[in-house]
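Heads up, the thing below is written out as structure tokens.
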Amino acid sequence: MNETKECLASSANSAQSEMFALLVCPRDKLDLRHEEGHLVCGQGHRYAVVEGVPVMLVSDVEQTHIEGTRALAIAESGDASSLAKFTLGPNDIDPFVRNAIGATNGGLYGHLVGTLTEYPIPKLRLPAGENRHFLEVGCNWGRWCISAARLGYRVVGIDPSLKSIRAANRVARQLGVDITYVVADGRFLPFRDLTFDQVFSYSVLQHLSKENTFTTLAEIRRTLRLGGNTLIQLPNLYGVRCLYHQLRRGFREAHDFEVRYWRPAELLSAFTERIGPSELSVDGYFSLNVQPSDLHLLLPRYRAVVHCSEALRGLSAKIPALKKVADSLYVSSSRIQ
Ligand SMILES: [Zn+2]
């Protein structure tokens, strides 16, 4: 352990010090030291720790999400009094999750806003974790991180929203899973080179410009170990539902937080160039977010959509042409050098 890590370890409890040991300055990747509620690098870049959560956003670039701007305002003011405080009973559903479910899980979950009675934890299509290091980029309240932790991964989740990360910490505590959450931006990952074995992202990069997605992929590759893998979901330009949405907005260029659609061949070349050998598989048809594991939570008319999607997904393994019209695609890539 070097001097910096010792300094961090002495100023935090052990779980926190383990988390801080993973972190570097997102701008220049230098080591950090603890200084009056901040993490500070050798170049003097400062990052506030708000109620135990490191806010590792880069303040002098445009944020990709309004919640990143809000998180920075709270970090810079040092005043966290505007943040909601919740105490959860064992059977409560976190109020943030109850409200956010339509946004984080998609339109087919809209009827659950305010009425959710269980956390919809999806099934991650990955092998057992065996204590390997897993990073989720854009984790929101942490549904995929919980899934990864239960599969045996050592999990880190990042999101630019301090509110989401606070909710993620509350839900992880309530469910008894051990996950490290950090407020951060995928374009400026605050982690050392060669840290993670598996990087995952779902329904997140679609909200970034393609330029920002390329920057994020380069950062993901940097933090991935040799032989490490990524599994990243993105929407297919030629998906039936995706074509309908593009038609509704007149096939114009997307801006701000709007969904960017990708051609399958474009996904393969972007990921192969920036991470390594890549292949596509189907996540689903007719929607971008719905999970078969949530079938019992859905309205009956949407269950039929999921059954149909799952049948087509099964067929796509035998008839590769069907991948080309799936709405939601996974890109799996490996870092080989
Ligand atoms: Zn720095």
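The values are calculated or read from the model by the stated rules, or taken from the named source; none is laboratory data. Predicted model, so just to flag it, every value in this text is computed and none were measured. For neighbour counting, all protein chains shown are included, and Cβ atoms are generated from backbone atoms with ideal geometry for every residue, glycine included. Accessible surface areas use protein heavy atoms only, side chains included; no ligands, DNA or RNA. Shrake-Rupley method; radii C 1.70, N 1.55, O 1.52, S 1.80 Å.
For the reader, a short list of remarks on this structure follows.
- Asn131 meets each of the listed conditions (1) at positive phi; (2) buried (at least 20 other Cβ atoms within 10 Å of the Cβ) apart from (2).
- Residue match in segment 158-168 (condition: modelled with pLDDT of 95 or more, open to solvent by 10 Å² or more (accessible area, probe 1.4 Å) and of a type in the set (S, T, N, Q)): no
- Each residue in segment 272-310 was checked for being farther than 19 Å from Thr230 by Cβ and in a helix (DSSP H, G or I), and 17 of them qualify.
- Condition broken by Ile146, with the remaining ones in (1) modelled with pLDDT of 95 or more; (2) open to solvent by 10 Å² or more (accessible area, probe 1.4 Å) satisfied: (2)
- Exactly one residue out of Tyr153, Tyr119, Tyr109 is aromatic (Phe, Trp, Tyr) and surrounded by fewer than 19 Cβ atoms within 10 Å (Cβ to Cβ): that is Tyr119.
- For segment 195-209, the criterion of being within 18 Å of Ser332 (Cα to Cα), part of a helix (DSSP H, G or I), of a type in the set (A, V, I, L, M, F, W, C) and open to solvent by 30 Å² or more (accessible area, probe 1.4 Å) is met by no residue.
- The lone exception for Arg313 - which of (1) farther than 30 Å from Arg225 by Cα; (2) open to solvent by less than 40 Å² (accessible area, probe 1.4 Å); (3) not aliphatic (A, V, I, L, M) it fails: (2)
One line per residue, one yes/no per condition, for (1) out of contact with any Lys or Arg (no Cβ under 8 Å at 6 or more places or on another chain); (2) closer than 23 Å to Val331 by Cβ:
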{"site": "Val97", "(1), (2)": "yes, no"}
{"site": "Thr104", "(1), (2)": "no, yes"}
{"site": "Leu124", "(1), (2)": "yes, yes"}
{"site": "Pro127", "(1), (2)": "yes, yes"}
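- Any hit, segment 203-210, residues being more than 29 Å from Lys29 (Cβ to Cβ) and of a type in the set (A, V, I, L, M, F, W, C): no
- Selection status of Gly157, free of Cβ contacts under 8 Å to residues at least 40 places away in the same chain, of a type outside the set (Phe, Trp, Tyr) and closer than 25 Å to Tyr47 by Cα: yes
- Considering residues of segment 246-301 that are more than 19 Å from the chain's Cα centre (by Cα), buried (at least 19 other Cβ atoms within 10 Å of the Cβ) and of a type in the set (Ser, Thr, Tyr) only, the residue nearest to Ser328 (Cα to Cα): Tyr285
- Residue match in segment 183-193 (condition: surrounded by fewer than 21 Cβ atoms within 10 Å (Cβ to Cβ), part of a strand (DSSP E or B) and not aliphatic (A, V, I, L, M)): yes
- Scanning segment 314-336 for residues that are more than 19 Å from Arg241 (Cβ to Cβ) and among the polar types (S, T, N, Q) yields Ser332, Ser333, Ser334.
- Of the criteria (1) outside any loop (DSSP other than H, G, I, E, B); (2) of a type outside the set (S, T, N, Q); (3) more than 28 Å from Thr215 (Cα to Cα), which one Leu83 fails: (1)
- Any hit, segment 224-231, residues being modelled with pLDDT under 95 and farther than 17 Å from Met56 by Cβ: no
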